[in-house]
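Here is the structure we will look at.
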Amino acid sequence: MKYMGSKARFAKDLLPIILKDRKENQTYLEPFAGGMNMIDKVDGVRIANDQHQELMAMWQALINDNWDPPQLVTEEDYKHIKYNQKEYPKHLVGYVGFNSFGGKWFAGYRRDKEGKRDYWGEHYRNITKQVPKLEGLILSCKSYTDLEIPKQSIIYCDPPYASTTKYRDGFDHNQFWEWCRQQSEAGHQVFISEYNAPEDFECVWEKPAKTTFSWHAENLAPKVALERLFVFRG
Ligand SMILES: C[S@@+](CC[C@H](N)C(=O)[O-])C[C@H]1O[C@@H](n2cnc3c(N)ncnc32)[C@H](O)[C@@H]1O
């Protein structure tokens with residue numbers, strides 16, 4: 001699924017590192033699963049959490065309720081759904097809201113002036129292609145701070161990245177890093193995608209990547225940033 005901050009293009013690099021020492025039946029958990037662009041490439045016991053209610057309602061309907069989403073949503077319907085969300089089922093609002101500019105929640109109807117691109121067809125095909133890969137996934141919709149985590153899990157975190165303006169996104173990054181320390185000390189293997197981390201975290205992988213949009217960092221101009229993976233050094 002096209003999703004703001006998707007890690008699809010890094011999955012090939014990241015997953016061999018994250019899953020290197022995975023034991024049989026060891027749980028793989030993502031507290032910030034978003035567009036499921038990493039977890040759809042993992043097998044075994046998997047838990048996908050995200051606090052976005054409409055997004056998770058959409059995944060629930062697709063994976064567990066066999067929902068066949070619409071293949072076309074007109075601009076008029078898009079706008080009506082955007083401004084009257086309570087009148088529609090949450091899973092439909094989720095499906096429509098994320099087919100917007102940059103995969104960003106209701107950021108504007110995507111239309112191709114030359115009529116060459118069928119954005120709704122692409123959205124439909126991307127998502128329905130993913131669904132079989134998500135079979136058996138355990139879904140959860142809460143803040144990462146409220147998660148109950150099976151013992152000795154592998155936790156891959158892809159949180160909203162820290163933007164240059166502190167806390168304007170409402171995500172407390174200090175609290176997040178503290179939570180990562182606690183989970184590591186509790187015996188989980190914790191991996192974090194970010195550009196930067198506090199000094200007691202070690203970078204285990206990095207790659208230059210062009211950023212267009214990153215989650216909650218839209219005030220940054222497109223540039224090359226170092227995409228990194230961290231673990232707690234302890
Ligand atoms: C960078 S995106 C994850 C993208 C995903 N890895 C992918 O490849 O599609 C970050 C996600 O964190 C979620 N999020 C933000 N704050 C959260 C919180 N406190 N608890 C759980 N999820 C949260 C957002 O809804 C968003 O889906």
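The values are calculated or read from the model by the stated rules, or taken from the named source; none is laboratory data. Predicted, not measured: the structure shown is a model, and the values here were computed from it. When we count neighbours, we look across all protein chains shown, and the Cβ atoms used for this are built from the backbone with ideal geometry, even at glycine.
Couple of notes before you dig in:
- Condition check for residue 102: more than 18 Å from residue 57 (Cα to Cα), modelled with pLDDT under 95, in a helix (DSSP H, G or I) and outside the structural domain of residue 35 (by TED's automatic domain parsing): yes
- Qualifying residue in segment 48-64 (condition: surrounded by 21 or more Cβ atoms within 10 Å (Cβ to Cβ), assigned to a strand (DSSP E or B) and charged (D, E, K, R)): no
- Residue 42, sole failed condition from (1) modelled with pLDDT of 95 or more; (2) closer than 21 Å to residue 97 by Cβ: (2)
- Qualifying positions in segment 130-171 - at pLDDT 95 or above, surrounded by fewer than 16 Cβ atoms within 10 Å (Cβ to Cβ), in a loop (DSSP other than H, G, I, E, B) and within 13 Å of the ligand (Cβ to nearest atom): 142, 143
- Remark: pairs (first residue in segment 174-186, closer than 17 Å to residue 202 by Cβ and assigned by TED's automatic domain parsing to the domain that holds residue 31; second residue modelled with pLDDT under 95 and surrounded by fewer than 19 Cβ atoms within 10 Å (Cβ to Cβ); Cβ separation under 7 Å; 6+ apart in sequence or on different chains) = 184/234.
- Checked against the criterion of being more than 20 Å from residue 103 (Cα to Cα), within 13 Å of the ligand (Cβ to nearest atom) and either part of a helix (DSSP H, G or I) or of a type in the set (Gly, Ala, Ser) (or both), the candidates 182, 175 yield just one match: 175.
- Residue that is nearest to the ligand (Cβ to nearest atom) [pool: residues in segment 1-22 that are within 20 Å of residue 152 (Cβ to Cβ), in contact (Cβ under 8 Å) with a residue 24 or more places away in the chain and surrounded by fewer than 21 Cβ atoms within 10 Å (Cβ to Cβ)]: 15
- Restricted to segment 34-57, and to residues there that are within 19 Å of residue 170 (Cβ to Cβ) and in contact with a strand residue (DSSP E or B) (Cβ under 7 Å, 6 or more places away or on another chain), the residue that is farthest from the ligand (Cβ to nearest atom) is 56.
- Of everything listed in (1) in contact (Cβ under 8 Å) with a residue 40 or more places away in the chain; (2) out of contact with any Ser or Thr (no Cβ under 9 Å at 6 or more places or on another chain), the single unmet condition for residue 147 is (2).
- For segment 23-43, a tally of residues being on the phi < 0 side of the Ramachandran plot and surrounded by 20 or more Cβ atoms within 10 Å (Cβ to Cβ) returns 12.
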